[in-house]
């Protein structure tokens, strides 16, 4: 247990110093209403949480990320597996992935709103878009990184080509898929806020935009704080998943 | 017998008897792994043919089990037991029989009680034991071993060589064992085939190793005599290989 204790102490010191620096900078360095201290922000967060607005907005954003991220992964994983496994599929789909991945989702916000409206459709579309290419590229890279001897061994043990794909190539690729999804999760947070800033009825981005209108800087900081916490939690869950499954993932029995 | 445009092996002819332990000895780059890959069915020969028990080899098959040099052929997401029963599972054997056989062969290679561990938790020697058990559990006609002990330290290698002889005796399998190590070949083989230096390599000669267990010891006079014989045959090839690699 000393390892996990050291890690916990590290976290406490890390986060503690982050909030201490924030406090010092806000109270002694700037001393301005435009840069509220952490205590004020937490108090405001509690107030907004009691009102329900914080949870309403956060849950809207999370739901959009969750939906888009799940669909994006569900589309990206099989496509990545196919691109990594079959040369012909790679050659057909590479122009799509290589061209589209350089057009950031944020550049498509206006188009998405025109196509799918100001509601959920455009947001989920943008999250799918930002997720799918990263997942495809990582999955395909994972398939081509499978050691040829793993496949040769399976073939000489009597596995058919389909069995090689399902019982060898796929599980060997799982750590790469999880890495791709982890990166995509980070991008989803960026994309959803940008999309909600530009056009939305609700969400953390919308909360920031509304607060700007009334110069409620503390409310903006609440949204930022919540974003940081949610992103951190989501990323930790993924890292844990990669750690737990990287060496241990077994798809059957 | 050639790859894309590089001819690894040419005019290569070899008969391996059922039940014998044949070591193919050669310098690095002499094409010995190419020979093994063609017998395993991983690479097709551009001309000529390979038969096992009268049937022409057309691809990989469960009748020829392959033990690879490194551990990258193992499946780290499966336990040692899962690795050993992999071939049986792919071939649709019922679970009870799979487990029975997997445990039996884990025990044969000295890994009883280690079946629940994953390959990354095991030492290099133990991982090679899993590879051997995985192949044996499939009960192939022939074992193809591509320098399986080359990456192990000297003591583990010596222990593995002794184990392999025991296993070979117990199972009576035909073994083709690739190595560049003269000592290893003499310790293990019933016959040693020495290859010319590559490219376009072929068999230079075959030496029968008629040594008792006690004589398969580096310090034994008869061992040294065989060593001289093998060394005389491979010496020039080593010199050629060294010149080419410079």
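Three principal axis extents, largest first, for the C-alpha atoms of chain B, in Å?
52, 43, 36
Under the classification rounded if a/c is under 1.5, otherwise prolate if a/b is larger than b/c and oblate if not, where does the stretch A:188-229 fall, given a ≥ b ≥ c as square roots of the Cα gyration tensor eigenvalues?
oblate
Using a cut-off of under 16 Å, list every residue of the stretch B:73-109 whose amide N is near the label point 7 Å from the Cα of residue B:139 along the Cα-to-beta-carbon line.
It comes to B:85-106, B:108, nothing else.
What fraction of the DSSP beta bridges in chain B is antiparallel, stated in percent and rounded to the nearest 5?
Restricted to chain B, the bridges split so that about 25 percent are antiparallel.
Quick one: compute the contact order of chain B, relative version, from alpha carbon pairs under 8 angstrom and 6+ residues apart, as a percent. Don't jump to the answer; show the numbers that get you there.
Values: 418 pairs, mean separation 71.8, N = 246.
After rounding, I find 29 percent.
Normalised by the residues of chain A, what does the relative contact order come to in percent, with Cα pairs under 8 Å and at least six apart?
Once normalised by length, the contact order is 24 percent.
Could you grab the relative contact order for the stretch B:76-139? Cα pairs under 8 Å, six or more apart, rounded to a whole percent.
About 50 percent, as a whole number.
Please arrange B:28, B:212 by how many other C-beta atoms lie within 10 Å of their C-beta, fewest to most.
Fewest to most other Cβ atoms nearby, the residues stand as B:212, B:28.
Is chain A rounded, prolate or oblate when judged by the Cα gyration tensor, a ≥ b ≥ c being the square roots of its eigenvalues, rounded requiring a/c under 1.5 and prolate requiring a/b larger than b/c?
Oblate shape, in that a/c is at least 1.5 and b/c is the bigger or equal ratio.
Just subtract the alpha-carbon distance of residue A:100 and residue A:53 from 0.36 nm times their residue separation and send over the number in nm, one decimal.
Difference between extended and current length: 13.3 nm.
Rank these for me by crowding, B:231, B:118, going from fewest to most other beta carbons within 10 Å.
B:231, B:118
For an R0 of 56 angstrom, estimate the FRET efficiency from the Cβ-Cβ distance between residue B:236 and residue A:244 and round to the nearest 0.05.
Details: r = 56 Å, r/R0 = 0.99.
The computed FRET efficiency comes out at 0.50.
Classify the protein assembly as shown from the C-alpha gyration tensor, please: rounded if a/c falls under 1.5, else prolate or oblate depending on whether a/b exceeds b/c.
prolate
Give me the distance between the Cα centres of the stretch B:139-163 and the stretch A:62-79, rounded to whole Å.
47 Å
Treating the angle as unsigned and between 0 and 90°, give the value, to the nearest 10°, between the Cα long axis of helix B:154-171 and the longest Cα principal axis of chain B.
Between helix and principal axis, roughly 70 degrees.
Report the calculated FRET efficiency for residue B:227 and residue A:144 (r = Cβ-Cβ distance, R0 = 56 Å), to the nearest 0.05.
Efficiency computed from Cβ-Cβ geometry: 0.80.
Could you please state, rounded to a whole Å, how far the C-alpha centre of the stretch B:7-72 is from the C-alpha centre of the stretch B:178-246?
What the calculation gives is 18 Å, centre to centre.
On full extension of the chain, what length is gained from residue A:212 through residue A:33, given 0.36 nm per residue of separation minus the C-alpha to C-alpha distance?
Working it through step by step, the gained length comes to 63.1 nm.
Against the longest principal axis of chain B, how steep is helix B:124-137, in degrees 0 to 90 to the nearest 10, with axes from Cα atoms?
80 degrees
Per DSSP helix of 4 or more residues, -39500 (n - 2.57); summed, then divided by the residues of the protein assembly as shown. What does that give at 222 nm, rounded to the nearest 500?
-19500 deg cm²/dmol
How many Å³ per residue does the convex hull of the Cα positions in the stretch B:76-139 occupy?
Per-residue hull volume (Cα only) is 69 Å³.
Round to the nearest 0.05 the FRET efficiency obtained for residue A:118 and residue B:158 when R0 = 60 Å and r is the Cβ-Cβ distance.
Once the sixth-power term is evaluated, E becomes 0.20.
If we count other beta carbons within 10 Å of each Cβ, what is the order of B:146, B:221, fewest first?
Ranking B:146, B:221 by Cβ neighbours within 10 Å, fewest first, gives B:221, B:146.
Relative to the longest principal Cα axis of chain A, at what angle does helix A:2-24 sit, 0 to 90 degrees, rounded to 10?
In chain A, helix A:2-24 runs at an angle near 40 degrees to the longest axis.
Can you compute the modelled spin-label distance between residue B:7 and residue A:162, with each label point 7 Å from Cα toward Cβ, in nm?
Reported label-point gap for residue B:7 and residue A:162 is 4.2 nm.
With the crude spin-label approximation of a point 7 Å out along Cα→Cβ, what separation in nm comes out for residue B:151 versus residue B:121?
2.0 nm
What distance in nm lies between label points placed 7 Å from Cα along the C-beta direction at residue A:201 and residue B:243?
In this crude spin-label approximation the distance works out to 8.4 nm.
Read the figures in this text as sums done on the coordinates, not as results from a lab. The model shown is predicted, which means the values in this text are computed figures rather than measured ones. No Cβ is skipped: glycine too gets one built from the backbone with ideal geometry, and neighbour counts run over all protein chains shown.
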